[in-house]
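Asker: Attaching a single structure in structure tokens format; questions to follow.
The values are calculated or read from the model by the stated rules, or taken from the named source; none is laboratory data. Bear in mind that the values here come from a model prediction, so they are computed numbers and not experimental data. Here the Cβ positions follow ideal geometry from the backbone for every residue, glycine too, while neighbour counts run over all protein chains shown. The area values use the complete protein model at the heavy-atom level, side chains included, leaving out ligands, DNA and RNA. Shrake-Rupley method; radii C 1.70, N 1.55, O 1.52, S 1.80 Å.
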Amino acid sequence: MRIPRLRRFAPPLGMTIRSRFRVPGSRVILLAIAVAGCAKDAGRAGASNALLIVGYDREPDTMNRYATHILEDIQSCVVEGLVTSDEKMNVVPVLAAEVPTIQNGGVVLRPDGGMDVTWKLRPGVKWHDGKPHTSADVKFTVDAINKGDWKPESTDGFDRIASVDTPDSLTAVVHYKEVYAPYAMQFFRGTLPRHLLQGRDIDKANDYNRNPLGTGPYRIAEWKTGEYVLLEKVKDYWRGPEYPKIDRILFRFLPNTTTRINQLKSGEVQLVALVPWDKVRELRALPSVRLNQVLGNGYEHVTLNEKHFPPFKDLRVRQALAHAIDRELLVRTILDSLVTTVDGPIQPLSWAYEPNVKRYAFDTAASNRLLDEAGWKRGPDGIRAKDGQPLAFTLITQAGFAIRENVAQALQRQFRDVGVNASVKLIDGTTISTVWFSGDFDAMLHWWQSGADPEITLFFASDRSPPAGRNINYFADDSLTRVLYASDRTVDQAERAELLRAAQRRVAELVPELVLYNTAKIDAVPASLRNFNGNPTNAGPFWNVYEWEIGQAGSSR
Amino acid sequence: MSFAARRLAQAVPLLLIISLLVFGLIHAAPGGPLSLYLDNPNVRPEDIARLRRAMGLDRPLGTQYVSWLAAFVRGDWGYSYADGRPVTERMIERVPATLQLVGVSTLLAVIVSVVVGVGAALRRGVDRAASVGSVAGLSIPVFWLGLVLQLLFSNTLGWLPSSGRASFAGGGLADRLAHLVLPVAVLAVAHAAGWSRYLRGSVRLALAQPFTNAARARGVTESRIVLRHALRHALLPFATVVLLDASIMASGAVVTESVFAWPGIGSLFTEALAKRDYTVLMAFLMCASVAVVTLSFLADVAVHALDPRTRGEP
């Protein structure tokens, strides 16, 4: 309540107010209560092939897949890529007839150090306006992004393309200036329609950015700002008249996590992607909901910033911290065994995964021994110190992420047992990016979420600390850096995997960061939904939305 | 210079100072419109530099302020950093939802406050209950009350939709009203708790005034004294409080809107804050400041016009 800014007490002069308060407000309330009963089942009819209602955590910024900086779930139902990545992280063709490789002749290394990638497009694909999807659209997309007069989120890879040739309407030959190993995902975000956008300022092309022309199974029927996006299926989808199976998909924007989960429980929404781990337990009992779990392509870990906290430069200190953590306990208790521990930055689903790396079992004796050897002696308060400096650092993590806050506290306790004093500091989600980018922190509990390509150069190469990359461990190892750059220049998948396996073994030996567990992705979907497979990467679970179908059995609640 | 003109002349520099402070504060807050981009490992430093330039964030802060101010007073509120649409468009499309929510809940809160406030002024028993209720209403955090009501009426009983402004399936007026009930109840409780106490105080004050004793002496019935004399007396200051509070609510019932996914100005603000959408934040905060300054200006002028005693100063 606020105190009115009246200077003196007002005398009874407000006689004209009399009749204004005779508004029949009570009738409004009665009416509202009366209609409540009628509205009871509004929007709770259960999932059907006529309408699927998704509770979505945020409203998209733009529907332009190249400009958005959040997940592209809604966009990817409308605008298809030349490829996407499936639930096993395989790169699968969508608008491309096949994924070009060295073996099928689609990738040719040139003697001048560059490479040519030939994309064969799927014939018979049309934009939603009936115009054919052609190689000219591929060329236009590259040119538009490289012209740089608008705001695509990232130009990664595109800036290494010298030119694109279009020998025929279904063939685009992309000439790279240098070897670029992740080429297969280059057009993951699709193409821009040349006939619609040529000669226009794409940032200001709100007709496209709000309702993009695509080739996908759905188009945007309505975007009600702040409330929802409604997708409806297109006629004549290129996969055939039987697709997609679901007529309409409604994405309701519910930024508050508790509200989103409440709506799922009440049946007002039927699908929630990426259920927070601490909410899984309360959803298990719901008969209408199936929890679909896949391994994630991310890993929770503690970054050790060697530049900001120099004791981390000592390998023995890093190994001791790794031995001090009881990861099994964290997973069993805080995480309810929803995730599995992992030992390195490349995840088990990747073709480049190396399982045989040095592991650091929970072993406080080993941890104490390593710290003793490194010269950190316990003081009277139990905290280790060397040359008068205590082994004490600040562990930052994101505020409002309940699981992480708990894990951070458990780590604090486990470090304390070996004489290391970590203090936890919670930082809000927007601010924390700026903090780690500036390097102004000791240690951070967080994850990286990557696309299907296993490149890790930007996290570990010695010259890739911000702003040039994401090596926020400020960790440097020459042999590792050499192997990583060699892997970036290797297109053959088997050869590249060899190099990346060597890199993972090296990373495990040197412990630049403390790896905890894989970030499992859990989606809550209607129990009757078929062909929902989930997705470990930022391609998102909607990658195969065209074949989703509500089954007959169990479709009624 | 007339009183109104003087007060108006004071408002302009006040708003300028507010704009400078607000601009400085939101730019001083850590993070910026680009910090969310950093989370994507494929966004490289070249991309960040390019986007900063494209958004004009690489210019000195003073330059940014002056160009923002020059455009703002001309009515050009710029483009949202988040989705590239004009800020005015983003704000205007949210206004109806907020006005609906705030209008209905203000109305309800006023009715409840008058009933409870007058009752409490007259009956000790009512007063005790109202006092407990008010303390509870003022102390219970709005987001908590919202979530509990959702759990009870939506999940457990299944009577009401838990959030949003309407079921997408349509359902017309009944559906819209059903969606209004919970957020309106939460907002109304929060405000009625304070307002009813205020009104009770004013009514009691009025009942202690000589003119009510005079009325009693003339044999006027007690209920008539309360309704025709004391309540009337108390309503002017009460209306001022309501007007000021409602104007602040009109700039978005920030928490309520976000708990109930109500597509109003308040949820736009929450979203803009998380994304550090500077242009939207500035527009929102300036509108809120103008609303508060204008309403307190109007209140002052009204009181000045109505109450001869405030015209004392030359």
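Asker: Order B:ARG74, A:ARG160, most accessible first, counting only protein heavy atoms with a 1.4 angstrom probe.
Answerer: Ranked from most to least accessible, the order is B:ARG74, A:ARG160.
Asker: What does the helix-only formula give at 222 nm for chain B: each DSSP H stretch with n ≥ 4 adding -39500 (n - 2.57), the total divided by the residues, and the result rounded to the nearest 500 deg cm²/dmol?
Answerer: Taken over chain B, the calculation gives -23000 deg cm²/dmol.
Asker: If I ignore ligands, DNA and RNA and count only protein heavy atoms, how much of A:GLU178 is accessible to a 1.4 Å probe, in Å² to the nearest 10?
Answerer: Result for A:GLU178: roughly 90 Å² accessible.
Asker: Along the positive direction of the dipole of chain A (beta-carbon charges: Lys, Arg +1; Asp, Glu -1; about the Cα centre), which of A:TYR360, A:VAL302, A:GLY157 reaches farthest?
Answerer: Working it through, the farthest residue towards the positive pole turns out to be A:VAL302.
Asker: At a Förster distance of 56 Å, what's the computed FRET efficiency of B:LEU173 paired with B:ALA217, Cβ-Cβ distance as r, to 0.05?
Answerer: Numbers: r = 52 Å, r/R0 = 0.93.
So the FRET efficiency works out to roughly 0.60.
Asker: I want to check the label-to-label distance for A:THR340 and A:ASP201. Put each point 7 Å from Cα in the C-beta direction and report it in nm to one decimal.
Answerer: 5.2 nm
Asker: In angstroms, what radius of gyration and Dmax does the range A:237-355 have, counting Cα atoms only?
Answerer: Radius of gyration, then largest Cα-Cα span, for the range A:237-355: 20.5, 64 Å.
Asker: Can you list the residues of the range A:68-103 that have at least 10 square angstrom less accessible area with all protein chains present than in their chain by itself, probe 1.4 Å?
Answerer: The answer is A:HIS69 - residues whose exposure falls by at least 10 Å² when every protein chain is included.
Asker: Just to verify a number: FRET efficiency for B:LEU243 and A:ALA402, C-beta to C-beta distance, R0 = 51 Å, to 0.05? Please report the intermediate quantities before stating the final value.
Answerer: Working: r = 40 Å, r/R0 = 0.79.
So the FRET efficiency works out to roughly 0.80.
Asker: Please arrange A:TRP127, A:TRP543 by accessible surface area, largest first, computed with a 1.4 Å probe and ligands excluded.
Answerer: Working: A:TRP127 10, A:TRP543 50 Å².
Ranking A:TRP127, A:TRP543 by accessible area, largest first, yields A:TRP543, A:TRP127.
Asker: In addition: In terms of the Cα gyration tensor, with a ≥ b ≥ c the square roots of its eigenvalues, is the range A:356-400 rounded because a/c is under 1.5, prolate because a/b exceeds b/c, or oblate?
Answerer: Oblate.
Asker: Using only atoms on other chains, find how many Cβ atoms lie within 10 Å of each Cβ of peptide A:432-438 and report the average.
Answerer: For this peptide, the per-residue mean of nearby foreign Cβ atoms is 5.
Asker: Using a 1.4 Å probe, what is the accessible area per residue for chain A, in Å²?
Answerer: So chain A comes to 40 Å² accessible per residue, rounded to a whole number.
Asker: How many partner chain Cβ atoms sit within 10 Å of a residue's Cβ in peptide B:143-150, on average, as a whole number?
Answerer: 2
Asker: In addition: Might you work out the accessible area of A:HIS128 for me, using a 1.4 Å probe with all protein chains in place, and round it to the nearest 10 Å²?
Answerer: Accessible surface of A:HIS128 is approximately 60 Å².
Asker: What are the DSSP H helices in chain A that stretch 24 Å or more along their long axis, judged by alpha-carbon atoms, and whose average Kyte-Doolittle hydropathy comes to at least 1.6?
Answerer: Taking the DSSP H segments of chain A (at least 24 Å long, mean hydropathy at least 1.6), we get none.
Asker: Right, another one. On full extension of the chain, what length is gained from B:LEU138 through B:GLN209, given 0.36 nm per residue of separation minus the C-alpha to C-alpha distance? Show your work: numbers first, answer last.
Answerer: On the way: separation 71, 0.36 × 71 = 25.56 nm, distance 2.92 nm.
Once the chain is fully extended between B:LEU138 and B:GLN209, it gains 22.6 nm.
Asker: Using the per-residue mean of other Cβ atoms lying within 10 Å as a proxy for protection, in what order, highest first, do the peptides B:151-162, A:58-69, B:19-30 fall?
Answerer: Put in order of decreasing packing, that is A:58-69, B:151-162, B:19-30.
Asker: Next question, about the same structure. Using a 1.4 Å probe on the protein heavy atoms only, what accessible surface does B:HIS179 show? Give it in Å² to the nearest 10.
Answerer: 10 Å²
Asker: I've got another one for you. Cα atoms only, chain A: Rg and Dmax in Å?
Answerer: 27.4, 94
Asker: Accessible area of the range B:1-128 with a 1.4 Å probe: how many percent of it is carbon plus sulfur?
Answerer: So the carbon and sulfur contribution to the accessible surface is 69 percent.
Asker: Could you please state how large a percent of the accessible area of the range A:188-234 is carbon and sulfur, counting protein chains only and using a 1.4 Å probe?
Answerer: It is 40 percent, rounded to a whole number.
Asker: OK, next. I need the calculated FRET efficiency for the pair B:LEU152 and A:THR166, taking r as the beta carbon distance and R₀ as 56 Å, to the nearest 0.05.
Answerer: 0.35
Asker: Still on this structure, please answer the following. Using packing as a proxy for protection, rank A:273-281, A:429-437, A:110-118, A:515-523 so that the peptide with the highest average count of other Cβ atoms within 10 Å comes first.
Answerer: Top to bottom by mean Cβ count within 10 Å: A:515-523, A:429-437, A:273-281, A:110-118.
Asker: Under 1.5 on a/c is rounded, so check that first for the range A:118-200, then, if it is not, pick prolate when a/b is larger than b/c and oblate when it is not; a ≥ b ≥ c are the square roots of the alpha carbon gyration tensor eigenvalues. Don't skip to the end; give the middle numbers.
Answerer: Values: a/c = 1.84, a/b = 1.24, b/c = 1.48.
Note, shape of the range A:118-200 comes out oblate.
Asker: In addition: How high is the relative contact order of chain A, in percent, counting Cα pairs under 8 Å that sit 6 or more residues apart?
Answerer: 20 percent
Asker: Let me ask something else. I need the shape label for the range A:328-479. Rule: rounded when a/c is under 1.5, else prolate if a/b > b/c, else oblate, with a, b, c from the alpha carbon gyration tensor.
Answerer: On the way: a/c = 1.37, a/b = 1.33, b/c = 1.03.
Rounded, since a/c falls under 1.5.
Asker: Averaged over peptide A:252-263, how many Cβ atoms belonging to another chain are found within 10 Å of each residue's Cβ? Please list the in-between numbers first.
Answerer: Numbers: counts 5, 5, 6, 7, 11, 0, 7, 11, 3, 1, 7, 8.
Per residue, the average neighbour count from other chains is 6.
Asker: Keeping all protein chains in place, calculate the accessible area per residue for chain B (probe 1.4 angstrom), answer in Å².
Answerer: The answer is 43 Å² per residue.
Asker: Separate question: What fraction of the DSSP beta bridges in chain A is antiparallel, stated in percent and rounded to the nearest 5?
Answerer: Bridges in chain A are about 75 percent antiparallel.
Asker: OK, next. What helices in chain B pass both tests, a Cα length along the helix axis of 30 Å or more and a mean Kyte hydropathy of 1.0 or higher, using whole DSSP H runs?
Answerer: B:3-28, B:95-122, B:278-306
Asker: Looking only at B:ASP277, B:ASP47, B:ASP300, which one moves most when chain B is put into a Gaussian network model with springs between Cα atoms under 10 Å?
Answerer: B:ASP47
Asker: Something else: Would you please put B:215-227, A:480-492, A:231-243, A:259-271 in order of how densely packed they are, using the mean number of other Cβ atoms within 10 angstrom per residue and starting with the highest? If you can, show how the numbers build up before the last one.
Answerer: Numbers: B:215-227: 12.7, A:480-492: 19.2, A:231-243: 14.5, A:259-271: 24.7.
Ranked by mean Cβ neighbours within 10 Å, highest first: A:259-271, A:480-492, A:231-243, B:215-227.
Asker: Hey, can you grab everything whose amide H is under 5 Å from the amide H of A:THR394? Only 5+ residues off in sequence or another chain; H modelled, so Pro and N-termini drop out.
Answerer: For A:THR394, whose amide H was placed from the backbone, the distant partners under 5 Å are A:SER423, A:ASP442, A:ALA443.
Asker: Taking H placed 1.01 Å from N in the peptide plane, check which residues at least 5 places from A:VAL92 or on another chain put their amide H under 5 Å from its amide H.
Answerer: A:THR84, A:SER85, A:ASP86
Asker: So if I take the centroid of the Cα atoms in the range A:402-449 and the same for the range A:143-213, what is the distance between those two points in Å?
Answerer: Between the Cα centre of the range A:402-449 and that of the range A:143-213, the gap is 38 Å.
Asker: Separation between the B:THR63 and B:ARG228 pseudo-spin-labels, each 7 Å from Cα along Cα→Cβ, expressed in nm?
Answerer: Result: 7.2 nm between the two label points.
Asker: Convert each backbone phi in the range A:390-395 into a coupling constant with the Karplus relation 6.51 cos²θ - 1.76 cosθ + 1.60 (shift: θ = phi - 60°), then list the ³J(HN,Hα) values in order as whole Hz, x for Gly and Pro.
Answerer: Along the range A:390-395, the couplings run x, 7, 9, 9, 9, 9 Hz.
Asker: Checking an interface number: how much accessible area is buried between A and B, summed over both chains, with a 1.4 Å probe, in Å² rounded to 100? Don't skip to the end; give the middle numbers.
Answerer: Working: alone 26000 and 17190 Å², together 35760 Å².
Counting protein atoms only, the buried area is about 7400 Å².
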